[in-house]
Structures are given as C-alpha cells and as structure tokens.
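Here's the structure we're looking at; comments come further down.
The values are calculated or read from the model by the stated rules, or taken from the named source; none is laboratory data. These numbers come from a predicted model, not from an experiment. Here Cβ is always computed from backbone atoms with ideal geometry, including for glycine, and neighbour counts include all displayed protein chains.
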C-alpha cells in the first residue's frame, strides 16, 4: 500500500503535487502544438487546415464547465472528494495515449483525431479536479506563487512534449513518443494516490448536491466583478493563440528553419522561458496585485508583437528572431500565470471547482476560436499584419479590467459560506 501524506500541511508538498500534475498536462499539449503540427505541415496541410485540427484538440477544454459540477458534487467518503476524480482522469489520459501508440496517423487520421479529442477530454477532467483541489488547500497569500509553479511546470511539460519530442521524433517515431507520454502520465498518477484529503462533513448524494452546486455557482456570477470576468476570459489573452496555426508554416516556409531548429526554438527554448516567466509572473502578481500585473504584462507582450511586425526587414537575422520570440515567450508566461491567479481570486471556495472551471472553460473557448480565426486570418493577411492583429487582440480586452475587482468578490463570498447574496449584473454599464 502506498504511504499516505497530508500535502495541505506543507507548502512545499502542495507546490510539488500541483506542479507535477500540471507537468503531466503539458507534455501531450506540447506534442499537439508542435510535433503534430510539424507532421501535418509535412503532409502538405496549410495554416487553415492545421488551425482546424488544433481547434478540435482544444475543444474538449471548453467542455469543462459541464464536467465541473460533477466534480464538486461527487464525494466518495473515505476515498476522498478530489483524489478519485484526479486518478480516474489520469488513467484515461494514459489509456488514450497507449491507444494512440497503436495507430498510424497516415492511414487512420480520423480515428487518430478522435483519440486526440478523447485524450484532451480526460485531460480537461483532470484539470478540473486539480484546480478544485488547489482552491481547497492553497492559502490566499500563496496562490500567485503556486499558480506560477503550476504554469511553469506546464510549460516545462510543453517544452518536453513540444521541442524535446520534435527533436527525437525522427529517431523513435510517433509510437515511441506516445509510449513515453503514457509512461509519464502513469508515473505522475502515483502522487495523488499518496495524498490524504482533509476530512469533510458528510455530503448528500450527487443527485441532490449537483443542483445546489449549480445554484451557488449562478449566484457567484451575479456579482459585477465575476460577470464581467466571464467576458474577459473569452477574449483575453488571445495574442499567442492567434499566431499558433501560422507558427510552423511561417518558420518553416517563410524563414526556412528546419524542423529541428523550430523544435528547439519554439518547443524547447521558448517553452522553457515561458516556464520561468510563469513563475516570475505568479510571484510578482502576489506583490503588485492581480489587475496591475495583468495590465503591465499585457502591455509588455503587445509591445513585443508590434516590434516583431515592424522589424520584418530583420527577420533574416536569427539574433533578432530569437530575441523577440524568447522575450515574447517570457512575457506570455507571466501573463498566463497572472490570469490563472486572478480567476482563483474570483472563485467562490464553496463551489471552487465549478466556478474556476467556468473561467477556464471560457479561456479554452478563446483558445479554440483564436486557433480557428488565426488559421483563416493567416491565409489572408501578411505575417507582419498577423503580429499587429495579435497585439491589438491583447490590448482591446483591457477596457474590462477596471470592472473585474477581486476584492468585491472576496467580500461577497465571505458573507455566506454557501455563496454571495446575488447582486444583479449591471444592465447599463
């Protein structure tokens, strides 16, 4: 029998657990975003077709909103509330990767894409459980740092699954990559199996709990701060998402980079700097405040996109391209971690899994529409115009930021354990 430990007792234990679980999400995500994209480019697919594939992969993440109420309502008594959910999701992630190892995408693209979709559905369910568990056990003052660790480890997983796997895919093939990913997923599953959750009061059945969870969640979104946050997370931050579908064709066909160099730059170096940026952004957001950090990091990221556009004449210089790509990755990491921390601050602990998932589901709707729109736009706009579009998409949603006040939400959530008394969302601004 595995030893049981109470990770809520130590800060280091909490950071290690959540970091490892986010790493497990990042590896397949990195594979989909880079080695798979490079493979499809090699098969003659253009940005629009690749954008559709990426949108299909991202789509299950927008379904988390329908999964989360079950996560909040389910309680298996001594087995725990969050742990069984996370373990079942990890098993599904690993099993679908093993199934993918037995397919050749050249001759079975439709089943291959169906399994990619199913894998991401399990990964989305795992994410629901992990985020809800984080809201349960993380102290408010450590959320920024914890989210920095979580996102930095996800980026580290993206670096391994993206750049790392792109560099070795030619020697071990897709089958080998899927077997390695499945092994990683099953190894990480050992960690939540060792966790002992905090004792909780007895709960009613899922059938009776689910309506209560949904009602409390609706009340929690009746605040001005949380209402406008819903709109914000559909729109922001969209910059890197708009550029995703064009990235591989742009670097390969326009700049003439090899697959290995693209893998090293985009999937390894950039993902590594995004990981560092996520940690730095999380720590800084604890000190600056969430909204001030969002504003600062957004302006930095947008400025880098504008600079990339204006320096088209220097794209032949690897020094220029590498410098802009890597500083952009660092800024994007800071921004992503800060948005994640802001969503936790806006979530009612009574229904943490469902409300936080609502924010993240909308963020994944954003990932899906930006991948689709970015692919279509890349077929019609020049590369400099695409970078300007990405910068504009970052700046525009900032008009909502003054309306998204996490302190208002915290005060309301403290009034009632079951959620805030509803404050009607404004109808006229």
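Name every residue in region 188-219 that is buried (at least 18 other Cβ atoms within 10 Å of the Cβ), within 25 Å of the chain's Cα centre (by Cα) and at pLDDT 80 or above, in order of residue number.
Within region 188-219, 188, 189, 191, 192 qualify.
Take the conditions within 24 Å of residue 146 (Cα to Cα), touching a strand residue (DSSP E or B) at 6+ places or on another chain (Cβ under 9 Å), crowded, with 21+ Cβ neighbours inside 10 Å and in contact (Cβ under 8 Å) with a residue 60 or more places away in the chain and apply them to residue 21. Does it pass? Before the answer, list the steps.
Numbers: within 24 Å of residue 146 (Cα to Cα): yes; touching a strand residue (DSSP E or B) at 6+ places or on another chain (Cβ under 9 Å): no; crowded, with 21+ Cβ neighbours inside 10 Å: yes; in contact (Cβ under 8 Å) with a residue 60 or more places away in the chain: yes.
Against the criterion (within 24 Å of residue 146 (Cα to Cα), touching a strand residue (DSSP E or B) at 6+ places or on another chain (Cβ under 9 Å), crowded, with 21+ Cβ neighbours inside 10 Å and in contact (Cβ under 8 Å) with a residue 60 or more places away in the chain), residue 21 does not qualify.
Can we say residue 285 is more than 27 Å from residue 32 (Cβ to Cβ) and either in a helix (DSSP H, G or I) or touching a residue at least 60 places away in the same chain (Cβ under 8 Å) (or both)? Reasoning before the result, please.
Values: more than 27 Å from residue 32 (Cβ to Cβ): yes; either in a helix (DSSP H, G or I) or touching a residue at least 60 places away in the same chain (Cβ under 8 Å) (or both): yes.
For residue 285, the condition - more than 27 Å from residue 32 (Cβ to Cβ) and either in a helix (DSSP H, G or I) or touching a residue at least 60 places away in the same chain (Cβ under 8 Å) (or both) - is met.
Condition first: at pLDDT 85 or above, more than 23 Å from the chain's Cα centre (by Cα) and surrounded by fewer than 20 Cβ atoms within 10 Å (Cβ to Cβ). Now tell me which residues in region 220-234 satisfy that.
In the first step, residues of region 220-234 are kept if they are at pLDDT 85 or above; the result is 223-234.
Next cut, more than 23 Å from the chain's Cα centre (by Cα) only: 223-224.
Result: 224, single match.
If a residue has to be more than 19 Å from residue 396 (Cα to Cα) and either at pLDDT 95 or above or surrounded by fewer than 19 Cβ atoms within 10 Å (Cβ to Cβ) (or both) to count, how many in region 286-317 make the cut?
Qualifying residue count for the region: 11.
Yes/no per residue for (1) buried (at least 24 other Cβ atoms within 10 Å of the Cβ); (2) modelled with pLDDT of 80 or more; (3) farther than 28 Å from residue 146 by Cα:
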position: 319; (1), (2), (3): no, yes, yes
position: 324; (1), (2), (3): no, yes, no
position: 329; (1), (2), (3): yes, yes, no
position: 337; (1), (2), (3): yes, yes, no
position: 355; (1), (2), (3): yes, yes, no
position: 370; (1), (2), (3): yes, yes, no
position: 376; (1), (2), (3): no, yes, yes
position: 405; (1), (2), (3): no, yes, no
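Residue pairs, Cβ under 9 Å, 6 or more apart or interchain, first in region 89-104 and at negative phi and touching a residue at least 60 places away in the same chain (Cβ under 8 Å), second assigned to a loop (DSSP other than H, G, I, E, B) and crowded, with 17+ Cβ neighbours inside 10 Å. List them.
Here the result reads 90/189; 91/189; 93/189; 94/189, each pair linking region 89-104 to a residue that is assigned to a loop (DSSP other than H, G, I, E, B) and crowded, with 17+ Cβ neighbours inside 10 Å.
I need the full set of residues from region 9-67 which are at pLDDT below 80, closer than 19 Å to residue 164 by Cβ and out of contact with any helix residue (DSSP H, G or I) (no Cβ under 7 Å at 6 or more places or on another chain), in order please.
Those that are at pLDDT below 80, closer than 19 Å to residue 164 by Cβ and out of contact with any helix residue (DSSP H, G or I) (no Cβ under 7 Å at 6 or more places or on another chain): 39, 42.
Kindly indicate whether residue 80 is more than 16 Å from the chain's Cα centre (by Cα), surrounded by 18 or more Cβ atoms within 10 Å (Cβ to Cβ), modelled with pLDDT under 85 and closer than 19 Å to residue 372 by Cβ. Spell out how you get there, then give the answer.
On the way: more than 16 Å from the chain's Cα centre (by Cα): yes; surrounded by 18 or more Cβ atoms within 10 Å (Cβ to Cβ): yes; modelled with pLDDT under 85: yes; closer than 19 Å to residue 372 by Cβ: no.
No, not satisfied.
Can you pull out every residue in region 111-139 that is in a helix (DSSP H, G or I), more than 21 Å from the chain's Cα centre (by Cα) and either more than 20 Å from residue 58 (Cα to Cα) or at pLDDT 85 or above (or both)? Write out each step before concluding.
So in region 111-139, the residues in a helix (DSSP H, G or I) come out as 111-137.
Then drop every residue that is not more than 21 Å from the chain's Cα centre (by Cα), which leaves 111-112.
Within region 111-139, 111 is the sole residue that qualifies.
Take the conditions without any contact (Cβ under 8 Å) to a residue 40 or more places away in the chain and either under 28 Å from residue 269 (Cβ atoms) or in a helix (DSSP H, G or I) (or both) and apply them to residue 142. Does it pass?
Numbers: without any contact (Cβ under 8 Å) to a residue 40 or more places away in the chain: no; either under 28 Å from residue 269 (Cβ atoms) or in a helix (DSSP H, G or I) (or both): yes.
It is false that residue 142 is without any contact (Cβ under 8 Å) to a residue 40 or more places away in the chain and either under 28 Å from residue 269 (Cβ atoms) or in a helix (DSSP H, G or I) (or both).
Filter region 288-315 down to residues that are without any contact (Cβ under 8 Å) to a residue 24 or more places away in the chain, closer than 20 Å to residue 344 by Cα and part of a helix (DSSP H, G or I), then give me how many there are.
Residues that pass the stated criteria total 3.
Residue 237 - would you say it is surrounded by fewer than 16 Cβ atoms within 10 Å (Cβ to Cβ) and modelled with pLDDT under 85?
Working: surrounded by fewer than 16 Cβ atoms within 10 Å (Cβ to Cβ): no; modelled with pLDDT under 85: yes.
No, not satisfied.
Restricting attention to region 46-59, does a residue exist that is under 23 Å from residue 217 (Cα atoms), part of a helix (DSSP H, G or I) and under 22 Å from the mean Cα position of the chain (by Cα)? Give the derivation first.
So in region 46-59, the residues under 23 Å from residue 217 (Cα atoms) come out as 59.
Restricting the remaining residues to those that are part of a helix (DSSP H, G or I) gives 59.
From what's left, under 22 Å from the mean Cα position of the chain (by Cα): 59.
Scanning region 46-59 turns up at least one residue that is under 23 Å from residue 217 (Cα atoms), part of a helix (DSSP H, G or I) and under 22 Å from the mean Cα position of the chain (by Cα).
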